[in-house]
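J.: Once you've had a glance at the structure underneath, I'll fire off some questions.
The values are calculated or read from the model by the stated rules, or taken from the named source; none is laboratory data. What you are looking at is a predicted structure, and each value in this text was computed from that prediction instead of being measured. FYI the Cβ positions are ideal-geometry reconstructions off the backbone, even for glycines, and counts take in every protein chain you see.
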Amino acid sequence: MSNNGPSPDEIRAIYARMVLIRKMEERLSADFHAGKLPGGVHLYIGQEAVAAGVCANLTDADKIASTHRGHGHFLAKGGDPKSMMAEVYGRENGICKGMGGSMHVADISKGIIGANGIVGAGLAITAGAAFAAQLDGDGHVAVCFFGDGASNQGVLMETLNVTSLWKLPMVFICEHNGFSEFSPSATVTSGEIADRARAFPMHVNVVDGNDAVAVWTAAADAIAHARSGNGPAFIEAKTYRIHGHFEMEKHMLSRPYRDEAEIEEWRGRDSIPRLAAHMIEAGIASDSDIADVNARTDAEVEEAAAFAEAGTPAGPGLAPSLMFAEGGAG
Amino acid sequence: MSNNGPSPDEIRAIYARMVLIRKMEERLSADFHAGKLPGGVHLYIGQEAVAAGVCANLTDADKIASTHRGHGHFLAKGGDPKSMMAEVYGRENGICKGMGGSMHVADISKGIIGANGIVGAGLAITAGAAFAAQLDGDGHVAVCFFGDGASNQGVLMETLNVTSLWKLPMVFICEHNGFSEFSPSATVTSGEIADRARAFPMHVNVVDGNDAVAVWTAAADAIAHARSGNGPAFIEAKTYRIHGHFEMEKHMLSRPYRDEAEIEEWRGRDSIPRLAAHMIEAGIASDSDIADVNARTDAEVEEAAAFAEAGTPAGPGLAPSLMFAEGGAG
Amino acid sequence: MAKQRLTNAVNDGLAEEMRRDPKIILFGEDVEVSMTGDTIGLLDEFGPDRIRNTPICEATLTGMAVGAAASGYRVILHMMMANFIYTGFDAIANQMSKLRLMTGGQITLPITVMCGYGGGRALAAQHSDTPYSLLMNLGGLNVAVPCNAGDAKGLLKTAIRSDDPAFFMVPGGRGGEIGEVPEGDYEIPFGAASVRAEGNAATIVTVGAMVRHSLEAAEALAEAGTQVDVIDCRTLVPLDEDAIIKSVAKTGRLVVVDEARDRCGAASYIAALVADKGFAHLKAPVRRVTVANTAMPYAPAAEADLLPNPETIAAAVRDVIA
Amino acid sequence: MAKQRLTNAVNDGLAEEMRRDPKIILFGEDVEVSMTGDTIGLLDEFGPDRIRNTPICEATLTGMAVGAAASGYRVILHMMMANFIYTGFDAIANQMSKLRLMTGGQITLPITVMCGYGGGRALAAQHSDTPYSLLMNLGGLNVAVPCNAGDAKGLLKTAIRSDDPAFFMVPGGRGGEIGEVPEGDYEIPFGAASVRAEGNAATIVTVGAMVRHSLEAAEALAEAGTQVDVIDCRTLVPLDEDAIIKSVAKTGRLVVVDEARDRCGAASYIAALVADKGFAHLKAPVRRVTVANTAMPYAPAAEADLLPNPETIAAAVRDVIA
Ligand SMILES: Cc1ncc(C[n+]2csc(CCOP(=O)(O)OP(=O)(O)O)c2C)c(N)n1
Ligand SMILES: Cc1ncc(C[n+]2csc(CCOP(=O)(O)OP(=O)(O)O)c2C)c(N)n1
Ligand SMILES: [Mg+2]
Ligand SMILES: [Mg+2]
């Protein structure tokens, strides 16, 4: 590591962001099971340290692309909880006017060029954003979050090639959360994912994705590498998806595809209490600070939900008018 | 190397095959420039040692898939020169009834499941054939020839993953001939291609593609590895394309994309005289044996050209009837 | 006749065919756990040689289907949802649909590609497409689109037994719907439309999920005294042109209902066919009830507004008989 | 007016636009050497930032076009030949055509995708497709198909300047053909068909490479005393419906000529449109002169047999006026 890790302020901000992601998603989970959401939701619970640790190193001018499991990335990059919640509710006041929904939350003004329902698609889009960043020439980077499952899509190798060839300022963040939908990673993924990146001239690192400080530190290096014109960087973050692939799965699958014991084991490594313990131990936060964060976040989530509930459901007519910048559905 | 290299008989057979490929293509080149061919041709001249060295290790029950530059693979795998020539002429007596042409020569009875006009497409098709071979369970393999340019298509990584995951009997033969169409490899390919395979659990080797004996030896190992159920193997053969990307290029391009000196240098490493010298030195062929091969091959090429010339140009009506096995153009 | 969910009928069809023919293999993403239930239990019965759960790599999966089929296997490729065929589109468009011609008929490709299609479930733009017209334009591919459990099983069997590549596309929202399924083994032939309702006033031609909406429209019209033919194409390639023309010869009026986007959709092809071969019979403009040329929005009301429904279908019929 | 080859007109158009707008970038495979000459010299003038010769990786190229455009650049993506768009189809079908809607209009995608399409040069099945109808069905994409050098340059400029994604598809066999190109800067608007010949007996609607064949057919017909309208759509999305309907209102007879395969092709869409909105004017069946639902064979005579030509077009016209 060539940096000294996050400052106390940074750690506190990361922690707050992780709690926000967790609580927003717990709310979405409850809302889903209460039948309040129009579509399905893929929750990020358990992986918060990755989004928060990485995005703490980014500015609004840096871009991120994300996955079907994109709430965490959206919130970590500074997306507004209210308009995200409204989007998932399918409301006109949603960040995408209710047109995208959970799988497609995006806020261009924050550099969030979009979650994506197509596994692997974000990689090429990010390479394009990194190309743009290189041409802009002002040191911005483009970061792609993608899963271990997505790592089996050929577009990974293609983007490793083109970004290293052109020294594009792209940062690859592979979130190895153990599953490719309902398939345990080992049953679909051969070899080590980081080795795929090591076949190319780039900065590569593997990190504990449930350790926010470690993620921040690795990301700081990777992003600095990319920012300074040295080309792409790759981080494989080992983590675990605590909830199902999507919340609907309990109603759909006829048998489980993983052990409860495994889930419990990973709950024991939960990045949020872990970071809280670290902060207390390091004397940079007290129990009451932690309680404050929780309370503030609860209020923020309440507010987001109220905003969403109050929004008008997106209705007829809007879609065709949104297809073309220059008007008309063609 | 775990084998002792090709036997004298094998070497002589490889040599004869290389000469056949060379002379067939020199004829096609002349025919093209004489305006006798309906479409374009991508010639394999300079790379003969790869196809011949690899295919000498295969039987008709083994499958190969090939590229737009497929004449050499077709002939090396035992495809009939007459029906290949007729195919390139667009005749009804062509191996594909004149429907495929130069880029699509195939002979299923010989395990040649097809040349392919789509760069990289053969990789996934071969993985499917390797899957079939695994299910057949009788030790056959499926071999894919592909270029350095094709190695930048993501399907390479996808097939490396799935074949190593499932231990499929697939052999990857990357023919690194210096160019991806008109782009020198270094301008489009980052890192070492063989390293892409090394990221997966498989047998990987890099070989001088202009040395037929070295290719045979490496291929024998790789194919034995795959045949015995150990999963895929990968060979990167370094070689050079002596002719243009296609014969048409002289008429199309406004400026050269490579040095004459470079071409001359590689002509100096021509695999055919090199193998001849080796045979003479090793005492397994005499000058007059070499002359015999040349003479016999000239006659064979003449015969193939005569067969093609005598064929009826494939005409109307055939195409729609060939679309479906069960009849009708749907 | 037994009552079954469509997805269970498909599951039975797959198992029955795999029992019949040991050369059948099936692979795709998460076919082991089986989200919709269509492949459930197959791994247990047929083992990991014949049922393979794959990595996410659609470009390779479609290509592998071609390679395995060209090597003597009868392949069922499970692509989950129709939007994912785009990711594997090269081997569909450049290989599967063309190789037989390109090899002068040497290659036979007995491939069935399965997927769910269509909207109506707030899955948003990337999980709601109805892309059969793209496949129809490629040539070389059969396309079956069942509307109910019984047809699903019969068409699936025909697809699997065929020596040609076929897409078997199930309406995404209909997997849970219960319908009659004949006992025993049966095939439903390709290219044979089913006349689901009869009448002289107009012809509705449709397919897949839109059959039910069309039948509801027909019922509503019947209550007002208008009887219409409702023709379910069942397969879009081959298409039962005769059934369509015959009906239009009787009614003189045609409404085509299609869940796909309008432009160059199946509806426009069917309308064009009739405007050519059935022109002499036509007494009114040929109407298409389709989806605007728009990606599918997430919000349910926005989505519903785009999809044909019994009211919009009935309105189109009233229009052409006015 | 200067005389120029189509590919040179395109080359000039690219250079002029890149001089005008520094935000324009162009990338693709072998755009440096430039096989057909359309991108020749651009690297020298604009440098490697704005002109990038790429590896072969179509799936990434289409996705990068989206990412770079979403990040403020005006992207020209050179895809060489139409068949290669299938390899990069995901980012076209699931991203380029949908992201604007999915983001509620946040994303603007000024992308021009260039490629050659069509048969007639013995390039065989994998290099001869005419896939515009697939793009037309996706929604969210404009599609321009010039038939001559002057239009090529003008339509290209409109495509590049547009804030929406557009495919600019050049007839593969026409790059070398010489035509008039207006001096100075000009755009040809999207959605404005060009009436290339006029007559009252029938309407031919066509596009791209088929315009010339249709004009030859029109000439042959004229010699026999039959005058026809020949309408060149110029853009298929948006489509100049008014021009088509107006002509059919005059002639009452329609032949649609299209180099694509017939099923769900542009011709069937145009025929369907007229069978709906222009039905009252129609005096005869609407004929389509298209390509059988077949992959393109290699042998020239087999290929030529499938493509529309002046004789088959004239025959169809004689048929509808009989
Ligand atoms: C191209 C494509 N194929 C398949 C799917 C269905 N699908 C959605 S998520 C998913 C698994 C993704 O796994 P991973 O990349 O590890 O992300 P995770 O869900 O673990 O966050 C699959 C197969 C899809 N959305 N897109
Ligand atoms: C998918 C696709 N993209 C682009 C092309 C055009 N093309 C034909 S051959 C070729 C270069 C291939 O290079 P390589 O794989 O190294 O093979 P080589 O020509 O050197 O034998 C290209 C770009 C194509 N045929 N298919
Ligand atoms: Mg995962
Ligand atoms: Mg090469």
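J.: With the requirement that a residue be surrounded by fewer than 24 Cβ atoms within 10 Å (Cβ to Cβ), free of Cβ contacts under 8 Å to residues at least 40 places away in the same chain and of a type in the set (A, V, I, L, M, F, W, C), what does the range A:190-206 give you?
T.: If the condition is that a residue be surrounded by fewer than 24 Cβ atoms within 10 Å (Cβ to Cβ), free of Cβ contacts under 8 Å to residues at least 40 places away in the same chain and of a type in the set (A, V, I, L, M, F, W, C), then A:V204, A:V206 are the ones that fit.
J.: Another question, if that's okay. Got a number for residues in the range C:100-126 being more than 7 Å from every other protein chain (Cβ to nearest Cβ) and among the β-branched types (V, I, T)?
T.: Of the residues in that region, 3 qualify.
J.: Can you report the number of residues in the range C:21-36 which are modelled with pLDDT of 95 or more and either farther than 17 Å from A:S254 by Cβ or not charged (D, E, K, R) (or both)?
T.: So the count comes out to 10.
J.: Quick check: is even one residue across the range A:65-75 away from ligand 4 (no atom under 16 Å from the Cβ) and facing chain D (nearest Cβ under 10 Å)?
T.: Among the residues of the range A:65-75, at least one is away from ligand 4 (no atom under 16 Å from the Cβ) and facing chain D (nearest Cβ under 10 Å), which makes the answer yes.
J.: Answer with yes or no whether C:R121 is in contact (Cβ under 8 Å) with a residue 12 or more places away in the chain, under 30 Å from A:T67 (Cβ atoms) and of a type outside the set (S, T, Y). Before you say what the answer is, go through the steps one by one.
T.: Values: in contact (Cβ under 8 Å) with a residue 12 or more places away in the chain: yes; under 30 Å from A:T67 (Cβ atoms): yes; of a type outside the set (S, T, Y): yes.
Yes, satisfied.
J.: Take the conditions touching a Phe, Trp or Tyr at 6+ places or on another chain (Cβ under 7 Å), in contact (Cβ under 8 Å) with a residue 60 or more places away in the chain and outside any loop (DSSP other than H, G, I, E, B) and apply them to B:A86. Does it pass? Steps first, please.
T.: Details: touching a Phe, Trp or Tyr at 6+ places or on another chain (Cβ under 7 Å): yes; in contact (Cβ under 8 Å) with a residue 60 or more places away in the chain: yes; outside any loop (DSSP other than H, G, I, E, B): yes.
Yes.
J.: Could you identify the single residue in A:A305, A:A237 that is surrounded by 21 or more Cβ atoms within 10 Å (Cβ to Cβ), at pLDDT 95 or above, over 22 Å from A:D148 (Cβ atoms) and not charged (D, E, K, R)?
T.: Among A:A305, A:A237, only A:A305 is surrounded by 21 or more Cβ atoms within 10 Å (Cβ to Cβ), at pLDDT 95 or above, over 22 Å from A:D148 (Cβ atoms) and not charged (D, E, K, R).
J.: Please determine whether any residue of the range D:252-264 is over 20 Å from D:S133 (Cβ atoms), not assigned by TED's automatic domain parsing to the domain that holds D:M169 and not polar (S, T, N, Q).
T.: Looking for residues that are over 20 Å from D:S133 (Cβ atoms), not assigned by TED's automatic domain parsing to the domain that holds D:M169 and not polar (S, T, N, Q), one finds at least one in the range D:252-264, hence yes.
J.: Take the range A:135-150 and flag every residue that is buried (at least 24 other Cβ atoms within 10 Å of the Cβ) and either more than 16 Å from ligand 3 (Cβ to nearest atom) or β-branched (V, I, T) (or both).
T.: A:V141, A:A142, A:V143
J.: Separate question: D:P238 passes all but one of (1) crowded, with 24+ Cβ neighbours inside 10 Å; (2) within 14 Å of another protein chain (Cβ to nearest Cβ); which number fails?
T.: (1)
J.: Can you pull out the residues in the range C:8-24 that are of a type in the set (V, I, T) and buried (at least 23 other Cβ atoms within 10 Å of the Cβ)? So that I can check it myself, show each step before the final result.
T.: Narrowing the range C:8-24 to residues of a type in the set (V, I, T): C:10, C:24.
Residue satisfying the conditions is C:V10 alone.
J.: Continuing with this model, one more query. For C:F190, state whether it is touching a strand residue (DSSP E or B) at 6+ places or on another chain (Cβ under 8 Å) and within 14 Å of C:N11 (Cα to Cα).
T.: For C:F190, the condition - touching a strand residue (DSSP E or B) at 6+ places or on another chain (Cβ under 8 Å) and within 14 Å of C:N11 (Cα to Cα) - is not met.
J.: So, of the residues in the range D:279-315 that are surrounded by 24 or more Cβ atoms within 10 Å (Cβ to Cβ) and of a type in the set (G, A, S), which turns out to be farthest from C:V274 (Cα to Cα)?
T.: This residue is D:A299.
J.: Restrict the check to the range A:51-60 and report whether at least one residue is touching a Gly at 6+ places or on another chain (Cβ under 9 Å) and either at the interface with chain D (Cβ under 9 Å from one of its Cβ atoms) or of a type in the set (F, W, Y) (or both).
T.: Among the residues of the range A:51-60, not one is touching a Gly at 6+ places or on another chain (Cβ under 9 Å) and either at the interface with chain D (Cβ under 9 Å from one of its Cβ atoms) or of a type in the set (F, W, Y) (or both), which makes the answer no.
J.: Let me ask another. Exactly one of these conditions fails for C:P182: (1) of a type outside the set (S, T, Y); (2) within 14 Å of chain B (Cβ to nearest Cβ); (3) more than 20 Å from C:D242 (Cβ to Cβ). Give me its number.
T.: (2)
J.: Continuing with the same structure: I need a count of the residues in the range D:70-99 that are within 13 Å of chain A (Cβ to nearest Cβ), within 16 Å of ligand 1 (Cβ to nearest atom) and either touching a residue at least 40 places away in the same chain (Cβ under 8 Å) or closer than 13 Å to D:G172 by Cα (or both).
T.: Residues in the range D:70-99 being within 13 Å of chain A (Cβ to nearest Cβ), within 16 Å of ligand 1 (Cβ to nearest atom) and either touching a residue at least 40 places away in the same chain (Cβ under 8 Å) or closer than 13 Å to D:G172 by Cα (or both): 5 in total.
J.: If only one of B:G78, B:G94 is out of contact with any strand residue (DSSP E or B) (no Cβ under 9 Å at 6 or more places or on another chain), assigned to a loop (DSSP other than H, G, I, E, B) and touching a residue at least 24 places away in the same chain (Cβ under 8 Å), which one is it?
T.: Working: B:G78 fails: out of contact with any strand residue (DSSP E or B) (no Cβ under 9 Å at 6 or more places or on another chain).
The match here is B:G94.
J.: For the range A:156-179, name all the residues that are more than 16 Å from ligand 3 (Cβ to nearest atom) and either of a type in the set (V, I, T) or more than 26 Å from C:L61 (Cα to Cα) (or both).
T.: A:T159, A:V162, A:T163, A:S164, A:L165, A:W166, A:K167, A:L168, A:P169, A:M170, A:V171
J.: To continue, here is another question. What number of residues within the range D:147-202 satisfy the criterion of being among the aromatic types (F, W, Y) and farther than 17 Å from D:D38 by Cα?
T.: 2
J.: Counting only residues that are charged (D, E, K, R) and away from ligand 4 (no atom under 16 Å from the Cβ), which one in the range B:133-176 is farthest from the other protein chains (Cβ to nearest Cβ)?
T.: B:D138
J.: Check B:A219, B:A186 and return the single one that is away from ligand 2 (no atom under 16 Å from the Cβ) and either assigned to a helix (DSSP H, G or I) or surrounded by fewer than 23 Cβ atoms within 10 Å (Cβ to Cβ) (or both).
T.: So the residue among B:A219, B:A186 that is away from ligand 2 (no atom under 16 Å from the Cβ) and either assigned to a helix (DSSP H, G or I) or surrounded by fewer than 23 Cβ atoms within 10 Å (Cβ to Cβ) (or both) is B:A219.
J.: For a quick check of your reading: which strands (runs of 3 or more DSSP E) sit entirely within the range D:1-102 and have at least 2 residues that are among the aliphatic types (A, V, I, L, M)? Write out each step before concluding.
T.: On the way: elements: D:2-5, D:24-28, D:51-53, D:74-81.
Filter on the range D:1-102 gives D:24-28, D:74-81.
J.: Would you call D:R212 in a helix (DSSP H, G or I) and of a type in the set (K, R)?
T.: Spelling it out, D:R212 is indeed in a helix (DSSP H, G or I) and of a type in the set (K, R).
J.: B:G122 is checked against (1) touching a His at 6+ places or on another chain (Cβ under 9 Å); (2) assigned to a helix (DSSP H, G or I); (3) within 16 Å of ligand 2 (Cβ to nearest atom) and fails just one. What number does that condition carry?
T.: (1)
Here is a yes/no grid of residues against (1) within 26 Å of A:A319 (Cα to Cα); (2) within 16 Å of ligand 1 (Cβ to nearest atom):
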| site | (1), (2) |
| --- | --- |
| A:M99 | yes, no |
| A:V119 | yes, yes |
| A:G137 | no, no |
| A:T163 | no, no |
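J.: Return the only residue of B:E181, B:E249 being within 9 Å of another protein chain (Cβ to nearest Cβ), modelled with pLDDT under 95 and away from ligand 1 (no atom under 16 Å from the Cβ).
T.: B:E249
J.: Right, here's the next one. Restricting attention to the range B:112-134, does a residue exist that is within 17 Å of the chain's Cα centre (by Cα), surrounded by fewer than 24 Cβ atoms within 10 Å (Cβ to Cβ), more than 16 Å from ligand 3 (Cβ to nearest atom) and under 20 Å from D:Q126 (Cα atoms)?
T.: no
J.: Further question: Quick check on the range D:256-272. Is at least one of its residues among the charged types (D, E, K, R) and over 18 Å from D:G118 (Cβ atoms)?
T.: no
J.: I'd like the full set of residues that are at the interface with another protein chain (Cβ under 7 Å from one of its Cβ atoms), within 23 Å of C:L141 (Cβ to Cβ) and acidic (D, E), limited to the range D:263-315.
T.: Across the range D:263-315, the qualifying residue is only D:D305.
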